1. Treating only the Cβ atoms of Lys and Arg (+1) and Asp and Glu (-1) as charged, compute the dipole magnitude of the range 236-314 about its Cα centre; round to the nearest 20 debye.
2. Which one, Ile142, His105, Leu152, is farthest towards the positive end of the dipole of the range 94-186 when Lys and Arg carry +1 and Asp and Glu -1 on their Cβ?
3. Report, by chain and number, residues whose modeled amide H sits under 5 Å from the one on Ile175, excluding near sequence neighbours (fewer than 5 apart, same chain).
4. If I build a Gaussian network model for the chain, linking alpha-carbon pairs within less than 10 angstrom, which residue out of Ala291, Ala16, Ala323 has the largest mean-square fluctuation?
5. Would you work out which of Ala223, Thr209, Trp178 lies farthest towards the positive end of the dipole of the range 172-241? Charges go on Cβ: Lys and Arg +1, Asp and Glu -1.
6. If you look for lysine pairs in the chain that are eight or more places apart or on different chains, how many of them have Cα atoms under 24 Å apart?
7. Please label the shape of the range 187-291 as rounded, prolate or oblate, based on the square roots a ≥ b ≥ c of the eigenvalues of the alpha-carbon gyration tensor (a/c under 1.5 means rounded; beyond that, a/b larger than b/c means prolate, else oblate).
8. So what is the 222 nm mean residue ellipticity for the chain from helices alone, if each DSSP H run of at least 4 adds -39500 (n - 2.57) and you divide by all residues, rounding to the nearest 500 deg cm²/dmol?
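What follows draws every value from the coordinates through simple rules; no lab data is involved. Quick caveat, the model's predicted, so the values are computed rather than measured. Cβ atoms come from the backbone with ideal geometry, glycine included; neighbour counts cover every protein chain shown.
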Amino acid sequence: MSLTHLLPGPLGFGTAPMGNMFRAIPEDEAQATLRAAWDQGIRYYDTAPFYGAGLAEIRLGELLAQRPRDSYLLSTKVGRVVLDEEEDPAARELGEKGGLFAHGHPNKVVDDYSADATKRSIEDSLERLRTDRLDIVWVHDIAQDFHGDRWLAQFETARTGAFRVLDDLRDQGVIKAWGLGVNRVEPVELTLALDEPRPDGFLLAGRYTLLDHRQALQRLLPAAQDQGVDMVVGGPYNSGVLAGGAHFEYQEAPAHILETVRRIRELTGRHGVSVKAAALQFALAHPATAAAIPGATRPSRIAEDLGALREEIPAAFWHDLRAADLLDPAAPLPDGA
């Protein structure tokens with residue numbers, strides 16, 4: 001099924017921060033943020049077992065258990081299994097993303113893209129989310145940023161395991177769609193080149209943003225359009241650096257990224273545009289984009305994101321971005337630009 005027709009609107013809620021990403025979020029603050037998303041009309045929620053070793057799913061389940069199941073769309077991920085054993089969350093080996101959920105639950109998390117692990121992961125997620133079904137399932141982080149040189153071997157395990165399980169579940173009507181949820185373009189390009197199984201879409205985090213979009217425009221997005229495969233944009237603020245934060249790619253932002261952000265902010269200030277509005281409206285302007293799913297840890301951020309969608313951005317802003325070589329000439333612009 002086309003993700004564009006499946007998703008309830010252009011803005012969803014990404015729950016990675018609800019897994020205590022970067023900091024320990026008090027339970028009342030987490031629940032207030034989730035309630036704010038619901039109360040302001042957000043009806044698509046994305047989560048994963050990886051986010052705080054089940055913590056984000058549990059917190060989201062607290063909210064959704066009180067709502068009619070047909071009133072929202074839910075996606076989670078497979079590829080990691082949360083065990084009853086404990087470990088030090090800060091010491092987990094996460095490739096380039098070390099320490100990402102150091103404040104999450106201490107349960108041990110193992111990578112496993114096999115068929116059996118995929119089925120177990122789904123069953124465990126249903127229990128944590130307190131629901132009877134999932135709408136979309138993404139195969140999570142099957143890329144070099146987490147697995148290094150082993151990523152192609154992990155991909156092959158997923159191709160013969162998770163991909164086939166999810167293809168069968170979709171064909172049986174158990175789930176509505178499946179795809180990859182990754183921070184790199186290469187695994188999506190590889191998946192789109194397969195004859196089978198066939199994904200419905202992909203969740204691409206951080207790779208089609210105002211700050212970082214050139215590589216995705218080269219091959220991935222043209223191939224996705226040719227095949228009718230839609231994209232959900234995750235991390236539209238690049239881990240927060242486009243929204244006033246200090247992180248890029250879930251780590252401290254390097255100097256060259258901060259300099260690019262400074263140049264973008266200079267232009268948004270000149271045109272009286274908020275950076276959030278520019279970031280969200282840019283990501284949603286591509287015809288392959290079905291939705292964007294920023295995360296949040298405070299209730300006020302939800303209103304900011306919704307306001308950013310409605311903000312008027314002058315066409316001159318986009319043209320100045322291009323003139324400054326901050327925007328690829330091939331990138332589609334929002335309507336009216």
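1. 120
2. Sorting the options by dipole projection puts first His105.
3. Arg170
4. For the chain, modelled as a Gaussian network with Cα springs under 10 Å, the answer is Ala323.
5. Going by the Cα projections, it comes out as Thr209.
6. 7
7. prolate
8. Estimated from H runs of four or more residues: -11000 deg cm²/dmol.
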